[in-house]
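The values are calculated or read from the model by the stated rules, or taken from the named source; none is laboratory data. Note that the structure is predicted; figures quoted are calculated from it, not measured. Every residue, glycine as well, gets a Cβ built from its backbone with ideal geometry; the counts of neighbours run over all protein chains shown.
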């Protein structure tokens, strides 16, 4: 079973642990409740998968991800931007902080499903050189797998 944390987009956020079997089940759950939520789940033992909501509450949600990552320094983070149309500066600063937190523990942050408009925001701010981008989830996981396989092992 996969643990999933759900946070609402309202100022009074809540979280709950819901046992999930797969990503499709999570989508059904999100649609069932009819609320826009961000889902944080363990994709694997060392990868956290995050589905961001749209603005204006991306930063609050990134703060929740940072809390989880601070408790768990053994994971990389994949962030799905499919619901994000545009990002404000506060959200960009949250991305920078999350990147620094992961980088300090030798872990990676990969964004995927980023729209052209959102990519332009990263380019204009010159943050496109800081972050890693992938086309979709499969490509993002592949980036992490390729990096793991190219690292030397201790023998």
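List of remarks:
- Qualifying position, being closer than 20 Å to residue 41 by Cα and surrounded by 12 or more Cβ atoms within 10 Å (Cβ to Cβ), among 52, 92: 52
- Restricting attention to the range 61-75, the residues being at pLDDT 90 or above and surrounded by 14 or more Cβ atoms within 10 Å (Cβ to Cβ) number 8.
- Hey, residue 87 within 27 Å of residue 142 (Cβ to Cβ), in a loop (DSSP other than H, G, I, E, B), out of contact with any strand residue (DSSP E or B) (no Cβ under 8 Å at 6 or more places or on another chain) and modelled with pLDDT of 85 or more or not: yes
- Matching entry among 78, 30 (being outside any loop (DSSP other than H, G, I, E, B), at pLDDT 90 or above and buried (at least 16 other Cβ atoms within 10 Å of the Cβ)): 78
- In the set (1) under 22 Å from residue 144 (Cα atoms); (2) out of contact with any strand residue (DSSP E or B) (no Cβ under 8 Å at 6 or more places or on another chain), the condition left unmet by residue 69 is number (2).
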